[in-house]
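What follows is one structure encoded as structure tokens, with my remarks underneath.
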Amino acid sequence: MSYVTRIAPSPTGMMHIGTARTAYFNWLAARASGGKFLLRMDDTDAERNQAEAEQPIFDGLEWLGLNHDGFLRQSERAEVYAKYADLLLTSGAAFHAENGAVMLRWQEYMPRHWVDDVVGAVPISHRSIETIHEKLCLIRGGDKFGQATYQFASIVDDYESDVNFIIRGTDHIANTAKQVAIWSAIAHALGVEKEQPKFSHVGLIFKDKKKMSKRDGASSVLDYRENGYDPDGILNFLLRLGWGPKVDDKASTFMDRHKATELFLIGGKMKAANANFDTQKLDFYDRSYKRMKSAS
Ligand code: GLU
């Protein structure tokens, strides 16, 4: 099966190391299966300067050699989201709230469980089905009238782009039932059976026992470029933050992008446990790649 994957950063003026890791995994899944790797700017709340916010992401991906096969910017797709909202309004799956927002009656479409490729089956308990807020906002009303929510824009884009494999951090597990419901509602309204994408949620990256935030000095990809790091050393380091080979021995210490492409889907597994960002390991890979390159 060939996978259409995507990386969907919210542009903030920097490229986080976690974004690079997730981009690499999605890139590998696409390349390993002869599929496509898409780049999408999740910039619906963009208030700052667009170019400034996005450029580090383009530069970071380019520096790491993670080329993409398609590009979207959510801020340019308001009409598409409105079209899908209309579709759901017409089908009766959605309705207008008093403040003009478009809300989905999502309980109807909510799965009883969904299956994560890494985490396993994620059940939605009876209790949460009964107590859950039965309306889900798709298009905002009030001050942000007309603006699509993250949940809605994200799934409309995945649906339209035929994304069939979503690899992202475990922090998005909580969004997935809603997104599966929106996908089902769209497919139902269109009268088609379109299979849900496969989901793999991978562990977050921790440094010194804390989740690496934007403010962490070691978290900006482009800082490594400025500091003369070798991009292939970085990729090898990133590969091991949330993925491990079936046979983890000396022979698997070094995996450049070619070897990683060969093994990513069939020779190893992604992991849901949080990964530890070990600077000494990063430096070890950096020195090793520089040495290998200067010897060849
Ligand atoms: N914009 C979201 C983020 O940066 C994307 C999440 C997703 O992959 O759906 O976390």
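Any read-out appearing in this document is the output of simple, stated calculations on the displayed coordinates, not a laboratory observation. Because the structure is a prediction, the values reported are computed rather than measured. Quick reminder, even Gly has a Cβ in these numbers, built from the backbone with ideal geometry, and neighbours come from all protein chains shown.
Answer rounded, prolate or oblate for region 1-81, using the Cα gyration tensor with square roots of eigenvalues a ≥ b ≥ c: rounded when a/c is under 1.5, else prolate when a/b is larger than b/c, else oblate. Verdict is oblate for region 1-81. Per-residue extension of 0.36 nm, minus the Cα-Cα distance of A121 and H172, leaves a gain of 16.9 nm for this segment.
Among L87, L38, a tally of other beta-carbon atoms within 10 Å of each Cβ gives an order, fewest to most, of L87, L38. Once the mean of 1/r is taken over each pair of separate Cα atoms and inverted, region 118-251 shows a Kirkwood hydrodynamic radius of 18.4 Å. Normalised by the number of residues in region 155-296, what is the relative contact order in percent for Cα pairs under 8 Å and 6+ residues apart? Worked out over region 155-296, it gives 28 percent. Using only the Cα atoms of the chain, each taken as one equal point scatterer with no solvent, compute I(q) by the Debye sum, divide by I(0), and report log10 of the ratio at q = 0.08, 0.14, 0.16 Å⁻¹. Here log10 of I(q) over I(0) equals -0.37, -1.08, -1.34. Counting only Cα atoms, region 76-190 measures 37, 32, 27 Å along its principal axes, largest extent leading.
To the nearest whole percent, what portion of all C-alpha pairs in region 142-207 is separated by more than 13 angstrom? Roughly 68 percent, once rounded to a whole number. Measuring between alpha carbons in the structure, the pairs from K178/K246; K211/K290; K269/K293; K259/K293 lying more than 25 angstrom apart are K178/K246; K211/K290; K269/K293. Once divided by 2.2 N^0.38 Å, the Cα radius of gyration of region 1-147 becomes 1.25. With contacts taken as Cα pairs under 8 Å at a separation of at least 6 residues, the chain carries a relative contact order of 20 percent. Taking the average, over residues, of other Cβ atoms within 10 Å as the packing measure, peptides 161-168, 63-70 rank 161-168, 63-70 from highest down.
Using the Cβ-Cβ distance between M1 and V80 with R0 = 22 Å, the FRET efficiency computed as 1/(1 + (r/R0)^6) comes to roughly 0.25.
Once backbone amide H atoms are built at 1.01 Å from N, L38 has T5, R6, I7, D69 as its partners under 5 Å, excluding neighbours fewer than 5 places away on the same chain. A simple spin-label model places pseudo-atoms 7 Å from Cα toward Cβ; at E108 and N227 they are separated by 5.4 nm.
Report note on the peptides 96-107, 2-13: ranked by the mean count of other C-beta atoms within 10 Å, highest first, their order is 2-13, 96-107. Length gained on full extension, A251 to S296: 14.3 nm, using 0.36 nm per residue less the C-alpha separation. Simple point charges give the picture: +1 on the Cβ of Lys and Arg, -1 on the Cβ of Asp and Glu, and for region 224-296 a dipole about the Cα centre of about 120 debye. The calculated FRET efficiency for D278 paired with T90, based on their beta-carbon distance and R0 = 51 Å, is about 0.45. In order along region 217-228, phi translates into HN-Hα couplings of x, 8, 9, 8, 4, 5, 4, 5, 5, 4, 8, x Hz, rounded to whole numbers, per the Karplus curve 6.51 cos²θ - 1.76 cosθ + 1.60 with θ = phi - 60° and x for Gly and Pro. Phi angles of region 198-207 translate, via the Karplus equation with coefficients 6.51, -1.76, 1.60 and θ = phi - 60°, into HN-Hα couplings of 7, 10, 10, 9, 9, x, 7, 9, 10, 10 Hz per residue; Gly and Pro are given as x.
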